[in-house]
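The values are calculated or read from the model by the stated rules, or taken from the named source; none is laboratory data. If you're wondering where the values come from, they're calculated on a predicted model, not measured in any experiment. Glycine gets a Cβ as well: all are built from the backbone with ideal geometry, and neighbour counts include every protein chain shown.
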């Protein structure tokens, strides 16, 4: 059972009532099908009304939801023959980043992404998806490998941000992110990034320099967390709701700003309520996008990518 | 005798001021590191370096150009490019107006062409007095245009970085300046042209994690704070105090992230030497 967010409570109450009625009907052998159908209808309406009118902060909460499908879920659902590859060949293997080779629609591709855990224990191992320099360096190694073997690269973005610790700084967090951006900007194979949850700042852009940026309907992507923005600009971290609104961080905002190229629909009630549909939708979007990009001559890919980033902000 | 008299006078005045803990702006400055009281005039003559402890005060873009570029050779580009406020935030509008008034600049970076020791280069100078030289749309655009100019003209690029990072008020568009500037520098690299990155205090966030980190040669001024996360953010994350010197230029050199630390009075000479070593005669 997914953790319940405040704004989902009316829906949760209805869903509880439905399951109570069901077990009651079964226990007593009474036919309550009509009553249940009415409640189910009502629940569907409530779900659509809640999820059709989410504000930016509610989207942040959904994007961070621990039951939301993570990078590993997408890899398991959408890729076959996946082999995880480890290590940056320099220092360490960062568990906050997962990457390897697999087949997508029969074609060998390189797939990588931030990996958040599903519970506290797993999150401690995965550092909540916050990568150290070695995570970005592992990813760069895999991207260069993909280029060598002419495989497309698919990146899943899902991170609160790059880790802000002593070791990360000592080993050059800034250099790792800068280099990753540079590697992606010049990669000679198609690159697609999908923001599946939280796109946090420098940690996200390190995997986000791509031919196409796809965002899930309730994913967010921002220069700093709403809490960080509120604490710096409003001097009050509690004003994060207001910050989320002002920052323009939703998939819909980013599509309008020309940063996201496509918004992928989520099932009603969010990806965490129906991971199967969510992953299926992502798979379909990836298939289409990949087909488009494979039709572009390799020598045009990087110049198109250059122009794409050149045009954002409208001053070029 | 007369000189002696004046010196004494100043000394006395100073003592009074010190007791009041109020040093009038424009005349005297207290060294941020050692507390030495320095006259502005003397500081200016000494490249804005404390005579006692060697602390390098921050320079604005105009001061930087003055001590680096050959006199009369600097030709500014895109000076008229005005800041943008993509989300129409009223507070940001006010901040921008204030920064423009205070700095006399339209944005936090000055770009142009000039010569250093007779060698031509495209120059990018970030100005920490303008909103801590945070990178928004226009800063990214000016840097990208400068690098593109260098690619077309076959000239090397020198970027003096100083920045608190991405400009939050411009949201995701600020973040997108990172790939934009980096991609332009990749083209410079493909053209076989030199890029020297000079890191000055402070260079952090979206600027350190993009173009500033990618120089063929990376130079830093002594004592400059260089890192991805700011020290306060790290201390909040790890819940402990950072050791002395953490994220300073000397620390970064020791860890292999910068090529050399150059004191300001020798910086122009060092840059000229590097430009000379990479200079290609026109064919």
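Here residue A:313 clears all of (1) touching a strand residue (DSSP E or B) at 6+ places or on another chain (Cβ under 7 Å); (2) within 12 Å of another protein chain (Cβ to nearest Cβ) except the condition numbered (1). Scanning region B:113-136 for residues that are part of a strand (DSSP E or B) and either over 20 Å from residue B:273 (Cα atoms) or out of contact with any strand residue (DSSP E or B) (no Cβ under 8 Å at 6 or more places or on another chain) (or both) gives B:119, B:126, B:135. For the structure I just gave you, tell me whether residue B:107 is assigned to a helix (DSSP H, G or I), touching a helix residue (DSSP H, G or I) at 6+ places or on another chain (Cβ under 8 Å) and within 14 Å of chain A (Cβ to nearest Cβ). In short, no.
Filter region A:238-264 for residues that are farther than 14 Å from residue A:222 by Cβ and part of a loop (DSSP other than H, G, I, E, B); which is modelled with the highest pLDDT? Selected residue: A:261.
Condition (residue is free of Cβ contacts under 8 Å to residues at least 24 places away in the same chain and in contact with a strand residue (DSSP E or B) (Cβ under 9 Å, 6 or more places away or on another chain)) applied to region A:299-308: is it met by at least one residue?
No, region A:299-308 contains no residue that is free of Cβ contacts under 8 Å to residues at least 24 places away in the same chain and in contact with a strand residue (DSSP E or B) (Cβ under 9 Å, 6 or more places away or on another chain).
When region A:130-161 is filtered for residues that are crowded, with 24+ Cβ neighbours inside 10 Å, without any contact (Cβ under 8 Å) to a residue 60 or more places away in the chain and in contact with a strand residue (DSSP E or B) (Cβ under 8 Å, 6 or more places away or on another chain), the ones remaining, listed by number, are A:135, A:138, A:146, A:153, A:155.
Only residues that are away from chain B (no Cβ under 14 Å) and either under 16 Å from residue A:52 (Cα atoms) or without any contact (Cβ under 8 Å) to a residue 24 or more places away in the chain (or both) were counted in region A:248-277, giving 13. Only residues that are without any contact (Cβ under 8 Å) to a residue 60 or more places away in the chain and facing another protein chain (nearest Cβ under 10 Å) were counted in region A:232-247, giving 5. From the residues in region B:117-137 that are within 14 Å of another protein chain (Cβ to nearest Cβ) and over 13 Å from the mean Cα position of the chain (by Cα), which one is surrounded by the fewest Cβ atoms within 10 Å (Cβ to Cβ)? Per the stated criteria, the residue is B:137. There is at least one residue in region A:203-225 that is surrounded by fewer than 24 Cβ atoms within 10 Å (Cβ to Cβ), in contact with a helix residue (DSSP H, G or I) (Cβ under 8 Å, 6 or more places away or on another chain) and over 29 Å from residue A:287 (Cα atoms).
Scanning region B:247-259 for residues that are in contact with a helix residue (DSSP H, G or I) (Cβ under 7 Å, 6 or more places away or on another chain) and surrounded by fewer than 16 Cβ atoms within 10 Å (Cβ to Cβ) returns a single hit, B:255. If the condition is being within 11 Å of chain B (Cβ to nearest Cβ), buried (at least 24 other Cβ atoms within 10 Å of the Cβ) and touching a strand residue (DSSP E or B) at 6+ places or on another chain (Cβ under 8 Å), then region A:178-192 contributes only A:184. For region B:186-209, a residue qualifies if it is assigned to a helix (DSSP H, G or I) and within 17 Å of residue B:166 (Cβ to Cβ), and the qualifying residues are B:205, B:206, B:207, B:208.
Given the criterion part of a loop (DSSP other than H, G, I, E, B), within 15 Å of the chain's Cα centre (by Cα) and either more than 12 Å from chain B (Cβ to nearest Cβ) or under 17 Å from residue B:181 (Cβ atoms) (or both), identify the matching residue among A:208, A:202. Show your work before the answer.
Working: A:202 fails: part of a loop (DSSP other than H, G, I, E, B).
The unique qualifying residue is A:208.
Quick one: would you say residue B:236 is in contact (Cβ under 8 Å) with a residue 24 or more places away in the chain and assigned to a helix (DSSP H, G or I)? The answer is no for residue B:236. Filtering region B:139-161 to residues that are crowded, with 23+ Cβ neighbours inside 10 Å and within 14 Å of another protein chain (Cβ to nearest Cβ) leaves B:139, B:140, B:141, B:142, B:143, B:144, B:146, B:147, B:159, B:161. Looking across B:78, B:70, one residue alone is touching a strand residue (DSSP E or B) at 6+ places or on another chain (Cβ under 8 Å) and within 12 Å of chain A (Cβ to nearest Cβ). It is B:78. Of the numbered criteria (1) more than 7 Å from chain B (Cβ to nearest Cβ); (2) within 29 Å of residue A:229 (Cα to Cα); (3) part of a helix (DSSP H, G or I), the one residue A:161 fails is (3).
Scanning region B:250-283 for residues that are in contact (Cβ under 8 Å) with a residue 12 or more places away in the chain, within 13 Å of another protein chain (Cβ to nearest Cβ) and not in a loop (DSSP other than H, G, I, E, B) yields B:252, B:253. Residue count for region A:216-225 under the criterion of being farther than 14 Å from residue A:162 by Cβ and within 11 Å of chain B (Cβ to nearest Cβ): the result is 2. Residue selection: residue B:220 satisfies the criterion of being touching a strand residue (DSSP E or B) at 6+ places or on another chain (Cβ under 9 Å), buried (at least 21 other Cβ atoms within 10 Å of the Cβ) and more than 11 Å from chain A (Cβ to nearest Cβ). Can you find a residue in region A:8-23 that is on the phi > 0 side of the Ramachandran plot, free of Cβ contacts under 8 Å to residues at least 24 places away in the same chain and surrounded by fewer than 19 Cβ atoms within 10 Å (Cβ to Cβ)? Checked region A:8-23: no residue is on the phi > 0 side of the Ramachandran plot, free of Cβ contacts under 8 Å to residues at least 24 places away in the same chain and surrounded by fewer than 19 Cβ atoms within 10 Å (Cβ to Cβ).
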